[in-house]
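What follows is a single structure, written as C-alpha cells, with notes after it.
The values are calculated or read from the model by the stated rules, or taken from the named source; none is laboratory data. The model shown is predicted, which means the values in this text are computed figures rather than measured ones. Don't worry about glycine lacking a Cβ; one is built from the backbone with ideal geometry, like all the others, and counts go over all protein chains shown. The area values use the complete protein model at the heavy-atom level, side chains included, leaving out ligands, DNA and RNA. Shrake-Rupley method; radii C 1.70, N 1.55, O 1.52, S 1.80 Å.
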Amino acid sequence: MSVLSSPSLQSEFLPYRPRTSAPPRIPRVLAIAGSDPSGGAGIQADLKSIAANGGYGMAAITALTAQNTRGVRAVHVPPAEFLTAQLEAVSDDIAIDAVKIGMLGDAAVIDAVRSWLEKVRPGVVVLDPVMVATSGDRLLRESAETALHTLLPLADLITPNLAELAILLREPVAADWAEALAQGKRLAALAGTTVLVKGGHLNDADALNDGDNDGGADAGGCPDALVNTGGLLGRETVVVPGERIPTRNSHGTGCSLSSAMATVQARVGDWEAALREVKPWLQGALRESGSLDVGSGNGPVHHFHHLPHPGPAGLHPGTPAPAEGEFAMAVWEGAAADLEAIYGLAFIRGLAGGTLPEKDFAYYLAQDAIYLNGYSRVLARASALAPSEAEQLFWARGAQNCLEVESELHRTWLATRPAGQELGPVTKSYVDHLLAASVSGSYGVLVAAVLPCFWLYAEVGATLHGEFLAAGAPAGHPYAAWLRTYADEEFAAATRQAVAYTDAAARRAPDSERQAMALAFRQSSRYEVDFFDAPRLHA
C-alpha cells in the first residue's frame, strides 16, 4: 500500500500561511551571436536556453548563416557598425544582468564587441569562443583569432570545446581528460579568468580522471570542470561528473550550455552552483532530444524537455492550480515505473529475503551515510526557504535527524567495515542534483526534489517489512533492523507531512514552477533506483 493511499493522508494536509516576499528578479540576459535558421544553435538556441533557465532573453545578431542539422552552407557578416548600433540600442534602455557571447565572425565584429564591453561593463560575461561547429565547419576566420584573444580577459567565464581550447592555445587537441584539464589551466592563466573545460567530445575511457587530484577518483562519463574558480571552496578546479547521453542530437549544445550558465550565474552568483544546476538540465535536453524529430543530421537538443506534454491532472501547461492532493497524486503515478524497477533489483530482493551479501549492504550503508550528510544540508536550505514556521521546523528537524542517523551508522555498522566508504558516482550525482535544486531559489522545486527520499523509501520499507512479517519475522534475519527503521510509523508520519507540504507548494506555485517541481521529483525518483542498484555496479 502506498503512503498516498493511506486513509489518513488527506486529513493530515495542513493549512499554510504564506509569507509575503518579493519574487526573485528575472535575469536580463543579452546574447551576442550568429543566427541559425534551423533553430538549433546560435541566437535561437541562446534564447531558448535563457528562457528555459528562468531568464529574459535579448539578442544582438553578429552573423547570418545558411545552415541546417547537416552543416553550414554560407555565412554573411553584416557591417560591425550595425552590431554596435544593436548593442547600444539595448544597453541605452535596458539594464543587462548577463551577457553571453557566441559566434563573432571577423576581427571588426570582435573589436565592436570589445569596445562595447569596455564601455558598459556588464556584471556577468560568458564567452563561448565559437570557432568550429559540431559538424566540423569553421565559423571564425583564421585572421580573427588574434583579435579574439583580446576578448578573453573581459570574460568572467570562457566555455570552449576541446577543439577551440586547442586553437586558443595553439596546441594539439587534448587526447584525454587529464590533458584537457591541463589545457584549461593554461588558458585560465593566460586569460586571467575562469574556464569551463568540457569532456563531451572525449570517449568514456579518455574521460577518466587519469590520477589528477583535482578531479577525484573517477570523473568518467561526461565530466565538466571549472578551472581557476578564485579559490571556490578552497579548490582551484571543480569537476562535476555527468552521464554520457547516447544521442547524435548535439547541435547547439555549446551555445545552450554557455547561455544557460550566464543566466543561472546572474541568478545565483556562484559558478559551481550554476554548473550543478545547468548540467542536469542539459543532460535532460540531450536525453529527450529525439522526441523533437528535427532534421536528418545532428539534431537539436530539447531545451524545454522539463515542460511535459499534456498528461496527469495538474501538470498541463496553462491549467489552473491543482486541487488539494492532485499534484501529489500525479507525480506519484509518474513514479510507478521507478518503484517497479526498485522492487525488481537484486539488492532489494536479497535485502527482503536476508540473502544479500554483507559487503553489498555495507557499501549501501556507507554511501547512505555520505548521502545523508549532503541531504541534511539540502533540508536545511528547505527550512530557510519555507513559507511558514511549521515548515521551517519540519525541514530543520529532518536535517538534524539526517546527521544523527549518519553518526549512528558510523558508530555501528561502518565503524568495523571501512571498505567502500569513498564517495561513489551515483551518490555524487544524486547529491549534485539535490544541491542544484537547493540553489534554484524555488522552495517548491527543492521540496519536490527531496520528496522521493521520503516517499519511495517509506513505500519500499513498508512493503519489505510487510513481507518480513508475513514470513514470520524469522529470527536471525541480518537486515531486520533496517526493515523496521523504514517501516516505522514515525517515518511514515514524516513522509505524509513532506507530501502535504510539497502538494501545498505546488498549489501556490505558478504553472511553470509546477512543471519544474514535477521534473525535479521525477529525476530524484530515477536516482532512487540507481542508488539501490549502486552496490551491484560497485561490485
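Among the residues of the stretch 386-421, what is the count of those that are at pLDDT 85 or above and not small (Gly, Ala, Ser)? Total satisfying the criteria: 10.
Could we say that residue 493 is over 18 Å from residue 371 (Cα atoms), more than 23 Å from the chain's Cα centre (by Cα) and open to solvent by less than 10 Å² (accessible area, probe 1.4 Å) here? Lay out the reasoning, then the answer.
Details: over 18 Å from residue 371 (Cα atoms): yes; more than 23 Å from the chain's Cα centre (by Cα): yes; open to solvent by less than 10 Å² (accessible area, probe 1.4 Å): no.
Against the criterion (over 18 Å from residue 371 (Cα atoms), more than 23 Å from the chain's Cα centre (by Cα) and open to solvent by less than 10 Å² (accessible area, probe 1.4 Å)), residue 493 does not qualify.
When residues in the stretch 334-391 are screened for being touching a Phe, Trp or Tyr at 6+ places or on another chain (Cβ under 6 Å), assigned to a helix (DSSP H, G or I), within 21 Å of residue 509 (Cα to Cα) and in contact (Cβ under 8 Å) with a residue 40 or more places away in the chain, 4 of them pass. Does residue 461 satisfy the criteria of being crowded, with 18+ Cβ neighbours inside 10 Å, touching a residue at least 40 places away in the same chain (Cβ under 8 Å) and in a helix (DSSP H, G or I)? No. Here 37, 18 are screened, and the one residue that is open to solvent by 60 Å² or more (accessible area, probe 1.4 Å), modelled with pLDDT of 95 or more and either part of a loop (DSSP other than H, G, I, E, B) or under 26 Å from residue 277 (Cα atoms) (or both) is 37.
Residues in the stretch 288-304 that are open to solvent by 10 Å² or more (accessible area, probe 1.4 Å), touching a residue at least 60 places away in the same chain (Cβ under 8 Å) and of a type outside the set (Phe, Trp, Tyr) were compared, and the one that is nearest to residue 516 (Cα to Cα) is 300. For the stretch 422-434, the count of residues that are charged (D, E, K, R), closer than 30 Å to residue 510 by Cα and at pLDDT 75 or above is at least one. Only one entry of 61, 43 meets the criterion of being in contact with a Pro (Cβ under 9 Å, 6 or more places away or on another chain), at pLDDT 90 or above and farther than 30 Å from residue 462 by Cα, and that entry is 61. I need the full set of residues from the stretch 392-402 which are buried (at least 16 other Cβ atoms within 10 Å of the Cβ) and farther than 15 Å from residue 504 by Cβ, in order please. Matches in the stretch 392-402: 396, 398, 399, 401, 402. Which residues, taken from the stretch 447-479, are closer than 16 Å to residue 525 by Cβ and either in contact with an Asp or Glu (Cβ under 6 Å, 6 or more places away or on another chain) or among the small types (Gly, Ala, Ser) (or both)? Within the stretch 447-479, 448, 449, 452, 456, 458, 461 qualify. Counted as qualifying within the stretch 174-258 are the strands (runs of 3 or more DSSP E) with 1 or more residues that are among the small types (Gly, Ala, Ser) and at pLDDT 90 or above, namely 224-227.
Within the stretch 331-378, if we keep just the residues that are among the hydrophobic types (A, V, I, L, M, F, W, C) and open to solvent by 60 Å² or more (accessible area, probe 1.4 Å), the residue that is nearest to residue 526 (Cα to Cα) turns out to be 337. Here residue 91 fulfils each of the conditions (1) open to solvent by 10 Å² or more (accessible area, probe 1.4 Å); (2) modelled with pLDDT under 95 apart from (2).
Scanning the stretch 257-287 for residues that are open to solvent by less than 10 Å² (accessible area, probe 1.4 Å) and closer than 14 Å to residue 429 by Cβ gives 275, 284. I want to confirm something. Restricting to the stretch 438-458 and keeping residues that are open to solvent by less than 40 Å² (accessible area, probe 1.4 Å) and not in a helix (DSSP H, G or I), which single residue is nearest to residue 269 (Cα to Cα)? Among residues in the stretch 438-458 that are open to solvent by less than 40 Å² (accessible area, probe 1.4 Å) and not in a helix (DSSP H, G or I), the one nearest to residue 269 (Cα to Cα) is 440. Looking across 483, 469, one residue alone is in contact with a helix residue (DSSP H, G or I) (Cβ under 7 Å, 6 or more places away or on another chain) and under 30 Å from residue 358 (Cβ atoms). It is 483.
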